[in-house]
1. Taking the Cα atoms of segment 121-230, what is the range of coordinates along each of the three principal axes, in descending order and whole Å?
2. Mind listing the long-range amide H neighbours of Q132? Cut-off is under 5 Å, sequence gap 5 or more, other chains count too, H placed in the peptide plane at 1.01 Å from N.
3. Where does segment 4-65 land on the Kirkwood hydrodynamic radius, alpha-carbon pairs, in angstrom?
4. Once the mean 1/r over all distinct Cα pairs of segment 210-360 is inverted, what Kirkwood radius in angstroms do you read off?
5. Relative contact order of segment 4-65: what whole-number percent is it, with Cα pairs under 8 angstrom and at least 6 residues apart?
6. What Kirkwood hydrodynamic radius, in Å, does segment 158-281 give when the mean of 1/r is taken over all pairs of distinct Cα atoms and then inverted?
7. Stretched out fully, how many nm does the piece from R287 to Q216 gain, at 0.36 nm a residue minus the Cα gap?
8. Between D262 and E230, what is 0.36 nm times their sequence separation minus the Cα-Cα distance? Round to one decimal in nm.
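Every number in this text was worked out from the coordinates using simple rules, so none of it is lab data. Please read all numbers here as calculations on a predicted model, not as lab measurements.
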Amino acid sequence: MTNPARIDTDDIRSRLPDPALAAAFLERLPADDPGLIPLLAAVRDAFEEKSVRKAARKAAFRFEQRGFVVPEEPSPEGPVLHRAAPEEGEPFAFLSAVDAIGVRGVLLGIPRAPSGVELGVALVSDENGILQYAGGAFSKKKSLRARDDFLEEFQHVVPTTPEHAVSVLEGAHRTQPDAPGGGPYLQARPWILERVVPAESPPVLELVPEEAVTDQPFTDAMAARLLEHEILAHWMADPREARALSEEIREAEESPIHLSDDQRDRRIDEIIRSWIREHFSGPQRKRIADRLDETAYVLHRLGDEEPARLACIAARSLEAGETSLDVNPLLRAMTARTLALFQAGAGRAAGKGESDPAAETDTDEDRGSSPSGLIIP
């Protein structure tokens, strides 16, 4: 089907006879032609299978990133196309996924009389506050351009409510009011808060049913599956802080005291457990739990509902605290990733000028000072 536009929307089931073919078709549907949206809706409505529904949500999201959306339900006249919020006079907001060190992008637009948009674009850190903030009143045309620049700058961007976006800004600002972007944000903050009330609870709780995460134990297998997702591919314990742990493990492995293999392994395991309990203290656990809730929201909006559910379960497990017998599976897996990084570095031949794994890790300040697409036109 090299030309999807030629497919008759009234004859979908004969052209796409099974769900697997329909899902594959939607995954490859180009999002640069809004004329294909009626076809997307027709395929979606012709199948009840979850695989097709998920592929349709992802395809709709690609169109939405281009400024178009697919209606929830088809009308007798066919799907109605409309541009995204800036041209409709409605507030709009987008968020990028949270990265491995808690940094993400925020875009917020609120209509401003007589015909402009109050636009705010930010790079925020849940540890170091608002790293960058640029804002002001702009025309709809310029706000659309800024939105497109934002969507191109970050991976895994999803639309959200203004209330959600403002809660992210407020949370970062409370964390570090003196951050570099805090001053510019304070200038816009009174006007924004007069019009938008920040969300009081994680918005993902409105998407993932409570019964899907309540009383669900979070296991090592769940942690492994969650960290396999590309959004969490770089989540790990901070290598700069785990250096001491790596050195302690190396010393235990090279200890002159004779220990059996089992005794040595138990000793190393206890060293790791002790470090995790000490390093991931209450505030740090809360921060990671919040990151998981925000990640779950992004995953769900992208159509990845099972990883979103796992992220919610992981967040609840962190809030529950450690047991006396074990450490949290996600924290253990993140720590194992960091130790593997050190082991890989140690395994390389000495004297070849290999860089330090800890030194290669970006800090929030590095991210905040790097060039970005946050400058508003």
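1. Principal-axis extents of segment 121-230 (Cα, largest first): 47, 28, 24 Å.
2. L123, G181
3. One over the average 1/r among Cα pairs gives 11.3 Å for segment 4-65.
4. On the way: mean 1/r = 0.0595 Å⁻¹.
By the Kirkwood definition, the hydrodynamic radius is 16.8 Å.
5. On the way: 54 pairs, mean separation 26.4, N = 62.
43 percent.
6. Evaluated on segment 158-281, it is 19.4 Å.
7. Values: separation 71, 0.36 × 71 = 25.56 nm, distance 2.08 nm.
Between R287 and Q216, full extension yields 23.5 nm more.
8. 8.0 nm
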